[in-house]
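Report on one structure; see the data block that follows.
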Amino acid sequence: MTFANFDPNGNTQLTEHQQRSLASAKAYVQRWTLNPSGWLGLYGTYGVGKTHLAVAAAIERNDRGDDVFFCTIPDLLDHLRASPDRDNWLRQFDLLERLKAIDILIMDEMKSRSGGPSAEDKLFQIINYRYEERLPTIITSAYMVEEIAVIRPEVASRLQDRLVVAELLIDAPDYRQGGTRH
Ligand SMILES: Nc1ncnc2c1ncn2[C@@H]1O[C@H](COP(=O)(O)OP(=O)(O)O)[C@@H](O)[C@H]1O
Ligand SMILES: [Mg+2]
């Protein structure tokens, strides 16, 4: 998943609005990647290319020498889940400190709470630290920010800060359903 193989015309007939939406999302993420500052919120339903663009940004920043961490939020919460094991606690502490300060953090698929209170608290610590420090971060979600506000109001409030977060809503057909098999 790179910028080079992200087709702004999709793989099926697009409306004019969809064409503009895909092309401008690609251009915006590409521009952000050249000189990351602040956050990107990538929204849109399933299969519109949110993960693709997030991975493309991760690859490009990694190639340019940044320390980059890409994860899906449900997987990250699994790693942050409370555990009585001391070694595991230390590993979690290291992960938490690393993700707070890493050059570029990309968190794919913000959805329902699934980590339990302790993992959710740690996720919030990461998000809040990066918000306070304005550290380059991409968050993707198939939910709209108003829906995230019901699930994680403290996160949604930060995502709605227009001084920090550029919000991109991708309107496109599901790419997974548009292709014809050869
Ligand atoms: N505009 C596009 N050009 C090329 N491939 C695309 C495009 N949009 C989506 N895809 C591909 O379609 C699949 C689904 O896209 P993905 O980024 O995972 O969607 P989302 O994260 O929005 O659900 C992936 O394999 C992705 O590489
Ligand atoms: Mg995705």
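Mind checking which residues of the range 142-161 are of a type outside the set (V, I, T) and either surrounded by 15 or more Cβ atoms within 10 Å (Cβ to Cβ) or on the phi > 0 side of the Ramachandran plot (or both)?
Of everything in the range 142-161, those that are of a type outside the set (V, I, T) and either surrounded by 15 or more Cβ atoms within 10 Å (Cβ to Cβ) or on the phi > 0 side of the Ramachandran plot (or both) turn out to be A142, Y143, E147, A149, R152, A156, R158, L159, Q160.
Note on the range 51-78: residues that are surrounded by fewer than 16 Cβ atoms within 10 Å (Cβ to Cβ) and either more than 21 Å from L135 (Cβ to Cβ) or touching a Gly at 6+ places or on another chain (Cβ under 9 Å) (or both) total 2. When the range 162-181 is filtered for residues that are surrounded by fewer than 17 Cβ atoms within 10 Å (Cβ to Cβ), more than 12 Å from ligand 1 (Cβ to nearest atom) and either under 16 Å from the mean Cα position of the chain (by Cα) or among the aliphatic types (A, V, I, L, M) (or both), the ones remaining, listed by number, are L163, A166, E167.
Among the candidates L34, L14, the residue that is more than 9 Å from ligand 1 (Cβ to nearest atom), crowded, with 19+ Cβ neighbours inside 10 Å and more than 15 Å from E167 (Cα to Cα) is uniquely L14. Within the range 37-49, the residues that satisfy the criterion of being within 14 Å of ligand 1 (Cβ to nearest atom) and in contact with a helix residue (DSSP H, G or I) (Cβ under 9 Å, 6 or more places away or on another chain) are L40, G41, L42, Y43, G44, Y46, G47, V48, G49. In this structure, N5 does satisfy being in a loop (DSSP other than H, G, I, E, B), surrounded by fewer than 16 Cβ atoms within 10 Å (Cβ to Cβ), free of Cβ contacts under 8 Å to residues at least 24 places away in the same chain and in contact with a helix residue (DSSP H, G or I) (Cβ under 9 Å, 6 or more places away or on another chain). Annotation: L53 fulfils all but one of (1) of a type outside the set (G, A, S); (2) within 16 Å of ligand 2 (Cβ to nearest atom); (3) in a loop (DSSP other than H, G, I, E, B); the unmet one is (3).
Okay, residues lined up against (1) touching a residue at least 12 places away in the same chain (Cβ under 8 Å); (2) in contact with an Asp or Glu (Cβ under 9 Å, 6 or more places away or on another chain):
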| site | (1), (2) |
| --- | --- |
| G115 | yes, yes |
| A119 | yes, yes |
| I126 | yes, no |
| M144 | yes, no |
| V150 | no, no |
| R162 | no, no |
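Taken over the range 123-148, residues that are among the small types (G, A, S) and either at pLDDT below 95 or in contact with a strand residue (DSSP E or B) (Cβ under 7 Å, 6 or more places away or on another chain) (or both) amount to 1. With respect to the stated conditions, E132 fails to be without any contact (Cβ under 8 Å) to a residue 24 or more places away in the chain, among the acidic types (D, E) and surrounded by 14 or more Cβ atoms within 10 Å (Cβ to Cβ).
The values are calculated or read from the model by the stated rules, or taken from the named source; none is laboratory data. Small disclaimer: the values here were computed from a predicted structure and weren't measured. Positions of Cβ are generated from backbone atoms using ideal geometry, with glycine treated the same way; all protein chains shown enter the neighbour counts.
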